[in-house]
Amino acid sequence: MKIGILGSGNMGRSLGILWAEQGHQVFFGARTTEQGKAVAELAGHGTQGGTNDEAAAFGDVLLYTIRGVNPIEVISSIEIFNGKILIDCNNFEIPEGFTYPPIEQSLAEKLAAEVPKAHVVKAFNTFAQEVFELAPTPLKDYKVSVFVASNNENSRKTVMQLALDIGFTPVDCGELRNSRLIEGLGDFIRFLIIGQKLGPYATISVDVLPPAESERLGGRQSSNLR
């Protein structure tokens, strides 16, 4: 696929390189042409670089890594997003003492309101950048989960495949309003990494026990969870 990276910090660079290694066409965008080209030169694998405008025009799938910034401040016209898949991988700033307020509107929902003709997808926000060092193997062996939410089913499936391509195990989380839960999970992971000092490789792997295993454990059903 043709993938444009908007904002080429650690997250954007890491995902872009992994996708390029799997044969996808990747364009790194930045505030200036020079910055974007410098990232592409370091990334290699035939990637290209330039401005955020150029990255947005290039990609059928776009990764939006610029936290809390309205896209109109990043590119010249939001119409360039029309009909495209726009992945939001961001989390809120960490408050002192990890005292997060309830999430009444997720960052992904806010982004969708700002670019209403794009297909916004929440994904890739529940682990530290260091986890990418394990991709695609042995990451695949650990079955590290990527939680994916979007109101557009085809876009959700596309991003799930992109996650699978680089060794993650995608989890379909349904419509975009569920990104509130996904972003809350991202906050919890950062609490484990920083607050509980578990380190950057702390993450979550969701697994479902087969019925036979459930019976072996006494037939306890998930509906009994309290």
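The values are calculated or read from the model by the stated rules, or taken from the named source; none is laboratory data. In this text, all values refer to a predicted model and were calculated from it rather than measured experimentally. We place every Cβ from the backbone using ideal geometry, glycine too, and count neighbours over all the protein chains shown. What goes into the accessible areas is simple: the full protein's heavy atoms, side chains included, and nothing from ligands, DNA or RNA. Shrake-Rupley method; radii C 1.70, N 1.55, O 1.52, S 1.80 Å.
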**Q.** Size descriptor, Kirkwood hydrodynamic radius, that averages inverse alpha-carbon separations across region 1-125, Å
**A.** 14.6
Q: Keeping all protein chains in position, work out how much accessible area MET1 exposes to a 1.4 Å probe, and write it in Å² to the nearest 10.
A: 90
Q | the chain, relative contact order in percent, only Cα pairs under 8 angstrom and at least six apart counted | A | 16
Q) What length, rounded to one decimal in nm, is gained on full extension from ASP60 through to GLU73, with 0.36 nm per residue of separation minus their alpha-carbon distance? A) 2.6 nm
Q) Of all chymotrypsin sites (Phe, Trp or Tyr not before Pro) in region 163-212, which ones are in loop regions per DSSP and have a Cβ with at most 10 other Cβ atoms within 10 Å? A) none
Q) Taking only pairs that are 8 or more places apart or on different chains, how many Lys pairs in the chain have Cα atoms under 15 angstrom apart? A) 6
Q) When the Karplus curve 6.51 cos²θ - 1.76 cosθ + 1.60 is applied with θ = phi - 60°, which whole-Hz ³J(HN,Hα) does each residue of region 32-39 get, with x for Gly and Pro? A) 10, 4, 4, 5, x, 5, 5, 5
Q. Considering only DSSP states other than H, G, I, E and B, which GluC sites (Glu not before Pro) in region 100-179 qualify as loop sites with at most 16 other Cβ atoms within 10 Å?
A. GLU104, GLU175
**Q.** Percentage relative contact order, region 79-128, counting C-alpha pairs under 8 Å, at least six apart
**A.** 57
**Q.** Chain lengthening between LEU209 and HIS45 when straightened (0.36 nm per residue, less Cα-Cα)
**A.** 55.2 nm
Q | Added length on full extension, which subtracts the Cα-Cα distance from 0.36 nm per residue, TYR201 to LYS2 | A | 68.7 nm
Q) Where a ≥ b ≥ c are the square roots of the eigenvalues of the C-alpha gyration tensor, would you call region 141-194 rounded, which needs a/c under 1.5, or, failing that, prolate if a/b is larger than b/c, or oblate? A) oblate
Q) Measuring from label point to label point, each 7 Å out along Cα→Cβ, what is the ASP141 to ILE194 span in nm? A) 3.1
Q. Cα-based Rg of region 16-83 per 2.2 N^0.38 Å, rounded to two decimals?
A. 1.07
Q) Dipole size in debye (nearest 20) for the chain around its Cα centre, Lys and Arg Cβ +1, Asp and Glu Cβ -1? A) 360
Q: Determine the shape class of region 86-151: with a ≥ b ≥ c the square roots of the Cα gyration tensor eigenvalues, call it rounded for a/c under 1.5, and otherwise prolate if a/b is greater than b/c, oblate otherwise.
A: oblate
Q. Among bridges DSSP assigns within the chain, what percent are antiparallel (round to 5)?
A. 5
**Q.** Cα-based convex hull volume of the chain per residue, rounded to whole Å³
**A.** 141
